[in-house]
1. Which members of region 20-37 meet the condition of being surrounded by 12 or more Cβ atoms within 10 Å (Cβ to Cβ) and within 17 Å of L397 (Cα to Cα)?
2. If I ask for residues that are assigned to a strand (DSSP E or B) and either buried (at least 17 other Cβ atoms within 10 Å of the Cβ) or touching a strand residue (DSSP E or B) at 6+ places or on another chain (Cβ under 8 Å) (or both), which ones from region 380-409 would you list?
3. Applying the selection to region 224-258, what residues are at negative phi, touching a Pro at 6+ places or on another chain (Cβ under 9 Å) and either of a type in the set (G, A, S) or within 9 Å of the ligand (Cβ to nearest atom) (or both)?
4. Sort out for me the helices (runs of 4 or more DSSP H) sitting completely within region 264-354 that have 3 or more residues that are within 16 Å of the ligand (Cβ to nearest atom) and out of contact with any helix residue (DSSP H, G or I) (no Cβ under 7 Å at 6 or more places or on another chain).
5. Which residues, taken from region 63-97, are closer than 30 Å to V32 by Cβ, of a type in the set (G, A, S) and surrounded by 15 or more Cβ atoms within 10 Å (Cβ to Cβ)?
6. Is there a residue in region 112-127 that is free of Cβ contacts under 8 Å to residues at least 60 places away in the same chain and surrounded by fewer than 20 Cβ atoms within 10 Å (Cβ to Cβ)?
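Derivation of every value follows stated rules applied to the coordinates shown; laboratory data play no part. Not measured: the values here are computed from a predicted model. Counting neighbours? That spans all protein chains shown, and the Cβs are built from the backbone with ideal geometry, glycine included.
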Amino acid sequence: MSHSALATNNLEAFWMPFTANRQFKKNPRLFVGAKDMHYTTADGRQVLDGTAGLWCCNAGHGRPKITEAVQRQIAELDYAPAFQMGHPHAFELAARLTALMPSPIDHVFFTNSGSESVETALKMAIAYHRVRGEGARTRLIGRERGYHGVNFGGISVGGIVANRKMFGPLLAGVDHIRHTHDLSRNAWSRGQPENGAEYAEDLIRLVQLHDPSTIAAVIVEPVAGSTGVLIPPKGYLERLRAICDQHGILLIFDEVITGFGRLGSPFAVDHFGVTPDLVTTAKGITNGVIPMGAVFCTSQIHEAFMTGPEHLIEFFHGYTYSGHPVACAAGLGTLDTYEEEGLLTRGAELAGYWEDALHSLRDARHVIDVRNIGLIGAIELEPIAGEPTKRAFSAFLKAYDAGILIRTTGDIIAMSPPLIIEKHQIDQLVTTLRDVLQGLD
Ligand SMILES: Cc1ncc(COP(=O)(O)O)c(C=O)c1O
């Protein structure tokens, strides 16, 4: 069946994730190919990837080292049991990944997605306190507007209302600190906003309310992505770290989008110089090619579990596909590509150009804020009165027609291009977006 026949005849059975299904199926947007910075649509157009897929294809598309590694691995060892058995590439990838992290983060647990990484980290945190004899520390603290995937733990600590409100009471024993978005003081920030370190003090309110002896961990995205790019105010993450330290609370950074070069350093941990106890990752770990996630933890957490009789399982958790051989091969091919092309730090070289280009949209129609960090940018639009999200969604559709892929959340446009983007392609993103915004109601 030709692509166009598929597009018109056969779209009903697939219930699409996080998609306006009826709108899509009336006017489908299908990609059939991808190479480097571009997607090819079913009707043969080239679309410039302004979002690295879903924040995951950091090295761009169709990268030969990754493709070849995956092909070789499938032919050589397609699957090995993940429990009580191993295969060399999982250990090799773990060693190379932990070498990218600052000390004392030196162990890694494999999962298959960001959502699974979050569940794993939350369970690890609670279990860690228990194996140390502090079993009362079970409470988890998230943040308003946080996104930590879609499983029950993740939506419980998450703070995006639409992702939570349909699903009942969620996990017990969860609370949230306030978010840091503050346009009245921080609009048009370049990099980290100047104001708002004191929002971290909200954690003290919860510590006083619940007593620290009941709190296992705090989880935040160092830069909140899915909620529309909320960049931490200067001093905020440092303050969160200090409060956690003071009260024996673990700090989890959800680096599912900030990991693997997005901020111009391998991880946000490096960019902000704040070291958490656990780091959740996924997406860029395999350049989006094969599903995979990873949770990093400190030696202190790992060692706490390594007690008791040696024939006993230390942590009753894992997935059939944890450390899947093909995902590990993709991960190794991805790290090779990142390292050979300097992609984990290329964002730092481009960040200044990216920032200036984005902020040139300050006077574009409907724009009420522009903000950026590393190779992330957000353009916040004035919502249409009574119809929130509609203006940004229209921008997304028109941008696609005009040959660029952007993402929207609420009335915020987010961009996070592959780290191989060239300056003329940054110009194309911004020029096209200006035209799109000019044409919007
Ligand atoms: C910070 C963060 N955590 C978790 C997730 C969930 O990842 P996945 O969709 O792979 O489950 C995402 C996805 O965008 C994310 O941005």
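1. Passing the criteria: N21, F24, K25, P28, R29, L30, F31.
2. Scanning region 380-409 gives E380, L381, I404, L405, R407, T408, T409.
3. The answer is A224, D254, E255, T258.
4. Hits in region 264-354: 268-272.
5. A69, the sole residue that qualifies.
6. no
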